[in-house]
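Working notes for the structure below.
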Amino acid sequence: MAMVVHQHRESSSGSIHKHLDAGKYVRYTAEQVEALERVYAECPKPSSLRRQQLIRECPILSNIEPKQIKVWFQNRRCREKQRKESSRLQTVNRKLSAMNKLLMEENDRLQKQVSQLVSENGLMRQHLRTAPTTTDASCESAVTTTHHSLRDASNPAGLLSIAEETLAEFLSKATGTAIDWIQMPGMKPGPDSVGIFAISHSCSRVAARACGLVSLEPTKIIEILKDRPSWFRDCRSLEVFTMFPAGNGGTIELLYTQIYAPTTLAPARDFWTLRYTTTLENGSLVVCERSLSGTGAGPNASAASQFVRAEMLPSGYLIRPCEGGGSIIHIVDHLNLEAWSVPEVLRPLYESSKVIAQKMTIAALRYIRQIAQETSGEVVYSLGRQPAVLRTFSQRLNRGFNDAINGFNDDGWSVLSGDGAEDVTVAINSTKSLGTTSNTLPMLGGILCAKASMLLQNVPPAVLVRFLREHRSEWADFNVDAYSATALKTNSCAYPGMRPTRFTGSQIIMPLGHTIEHEEMLEVIRLEGHSLGHENAFISGDIHLLQMCRGIDESAVGACAELVFAPIDEMFPDDAPLLPSGFRIIPLDSISNDAQDTLNAQRTLDLTSSLEVGPATNTAQNASSSSCAARSLLTIAFQFPYEDNLQENVATMARQYVRSVISSVQRVAMAISPTGLGPTLGPKVSPGSPEALTLAQWINQSYSYHMGAQLLGTDSVGAESVLKNLWHHHDAILCCSIKSLPVFIFANKAGLDMLETTLVALQDITLDKIFDESGRKALFAELAKIMQQGFAYLAGGICMSAMGRHISYEQAIAWKVVADDESTVHCLAFSFINWSFV
């Protein structure tokens, strides 16, 4: 027994010594380290079999145990992890130090501003005691701008004087107290934020400021920012008219810039400016810019006929090198966009510093940070696409959509005569084609665009765009998508001779890439379809769309939301032709009653603005509008290729399609609008009992709630909304105004189908147009009964649609719709039972 124990102890001791020998420190040669590093680059964590294979394949590692190689890889991974963590901490420390420096500078600026305001307050008190006269201490007195004429710029010395003055004024805004800056709402500074953002306070012109840390060299940042069309999505063109050197190695340039209009309801803007690039004594780079006077100034005065000359007050960029690499950048945008030239309802777009901050100032800083991360390799996109290629696709979608909305004459656009309604504008461009690719032949006659604008109330733009993106079947006609996609697959886009296809109504979203803050996404949409013909049974009926989605972050203040798409070939080549269409939703600030009256006069598509109401209801409506309900402007543009002999057919199709999209989007907007904007619904009623039906509650509540959560009908209806029941009711329900020439102001889906029209064109149809002579006599005979009893039954007969088709109905019921006070007649409502086309 003792011998056995002794042998066991010897065995255990040998095992321990062997383990210690295997794990002891090994000094590797340079050749061995190089061989291990090559394997580590391919596989940082090799398996046991891979380590044994490595020893067999590399003779220089034959004297090393597999366990020692395992320890080497463990140590190598640990060192790599420590190195990355150290690098990350150093980067965070540099960023925090730079942000701390920015915050200290901002604190110093605010202290100077407080001292200045205290001094001005003391002077004002002293002045009031000596001379009791009122003075205006607005922002315009603090930021006075001398309007330079071209006489001052007739020689280089005059331009240099203007440039130096512009530099001084810009620096006073970027780091001084020339403008009263306040923090941009919803944008809080921090280590993970893009930067520090501010907007002007109590200033009639719009101004925004940003400062942040960017991991790029100052010269690279200057190069990017000077190329304004690459990052400012609304910039159509920037042309350097002349350039000459200035002192200190700087340059002076005269620029002509054109800016897209964001909607069809406003003209575009252009600028005639001086840009000064120089280096300060502390090594900082500066690019500052300001407008020169002269409305006709520029390289081509005739080309500027579609533009309104706007003014740029001293603005620009200050870039300072940062210790440890990178740069600290200050951006100031100060503009006078001539808001007088747009309808009053749109003036918030041109008078809001928040809009300028989102569109220009914040966009510039975000773009620079995006380029910095792409340069460092932090951004990796799917499908092997380079970031620059995807960025180019995004820019092409945006530019093509803006060109369609604006329809500039110098691009070849001209407006077609309408069909009597003013809701949809159709323009053609016979000078454009989709280009030539491997799958496309230039046999098209040109491009046709149908576009419209409408006002939405109490609909969050981000929510609506998300819905349109995720539920395409709710508003799109896939056959129209197939027509547009045909131009990319064949050498002809004949209409309507398309390949018969049945679409499933589903879509597959394939992400391509997104910006660093996810404010913009690029993706490919596949609409699934199946060919119906036997000869095309093996040909895919799918449609592919390249789609850009922006502004779906509800917390972004003043940002617009967009959904822009274009059909592409499934091979998706880098030079694929694009024909962008889509939606743009721009939030508007609080609108005054005068602006709302102006909007009504311009016949926007706001459904409630067309209602004629009595005094009591009108008062409630004014109170509602004065409560500053959120509004947004929706612009729709759809482009279609056409052949010369089919221009009229495609134009008719485009009008009808855009009107159907408008109707669908309007319905969706009402459905997703928040509730709580109107009074609660009264007693529940049933569509089958006109004696109990007070349609005013039905319709008025639908308007005030915008498809809110109250119930209609029997208790079994559940939680369905008021207007949803009305909208999907099987009988055609129409409402007309009470005036000398009654016009229709509302119809449910069946009513629109019966009249063969849309909610937009409904207001152009008068009551006498749908009834024949006998129908009008029967209605007039029952009017007195309707006013006394509240309703009346009308015998079956024949009426007529807006397209001239005859419609038969078994019976019609007419109601008197009263307002909430039950004394004012709101409108007349009709229900056509069991109607059909003759």
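The values are calculated or read from the model by the stated rules, or taken from the named source; none is laboratory data. None of the values given here were measured: they were computed from a predicted structure. When we count neighbours, we look across all protein chains shown, and the Cβ atoms used for this are built from the backbone with ideal geometry, even at glycine. For the accessible areas, the whole protein counts, side chains as well, though only heavy atoms, and no ligand, DNA or RNA atoms are used. Shrake-Rupley method; radii C 1.70, N 1.55, O 1.52, S 1.80 Å.
Expressed as a whole percentage, what fraction of the accessible surface of segment 192-235 belongs to carbon and sulfur atoms when a 1.4 Å probe is rolled over the protein heavy atoms?
Carbon-and-sulfur percentage of accessible area, whole number: 47.
From Cα coordinates alone, what are the radius of gyration and Dmax values for segment 718-838 in angstrom?
According to the Cα coordinates of segment 718-838, Rg and Dmax are 13.9, 43 Å.
Taking 20 Å as the cut-off for C-alpha to C-alpha distance, list the pairs among Lys724/Lys749; Lys739/Lys777; Lys101/Lys359 that go past it.
Lys101/Lys359
How do 163-174, 646-657 rank on mean C-beta neighbours within 10 Å, highest first?
163-174, 646-657
For Ala778 and His728, what is the calculated FRET efficiency with R₀ set at 25 Å and r taken between the beta-carbons, to the nearest 0.05? Spell out each step's value before the answer.
Details: r = 29 Å, r/R0 = 1.14.
Here the calculated transfer efficiency is 0.30.
Would you kindly derive the ³J(HN,Hα) couplings of segment 315-327 from the backbone phi angles with the Karplus curve 6.51 cos²θ - 1.76 cosθ + 1.60 (θ = phi - 60°), listing them in order in whole Hz, with x for Gly and Pro?
9, x, 9, 10, 10, 10, x, 10, 4, x, x, x, 8
Kindly state, to the nearest 0.05, the FRET efficiency for Asn282 paired with Ala30, given R0 = 45 Å and r defined as their beta-carbon distance.
My answer for the efficiency is 0.45.
Per residue, what accessible area does segment 301-361 have, given a 1.4 Å probe and all protein chains present, in Å²?
I get 30 Å² per residue for this part.
Accessible area per residue of segment 57-101 at 1.4 Å probe, in Å²?
Per-residue value: 71 Å².
Can you pull out the GluC sites (Glu not before Pro) in segment 316-350 whose DSSP state is coil and whose Cβ has at most 15 other Cβ atoms within 10 Å?
Glu323, Glu338
Out of residues 5 or more away from Ala246 or on other chains, whose amide H comes under 5 Å of its own, with H placed 1.01 Å from N in the peptide plane?
For Ala246, whose amide H was placed from the backbone, the distant partners under 5 Å are Thr251, Ile252.
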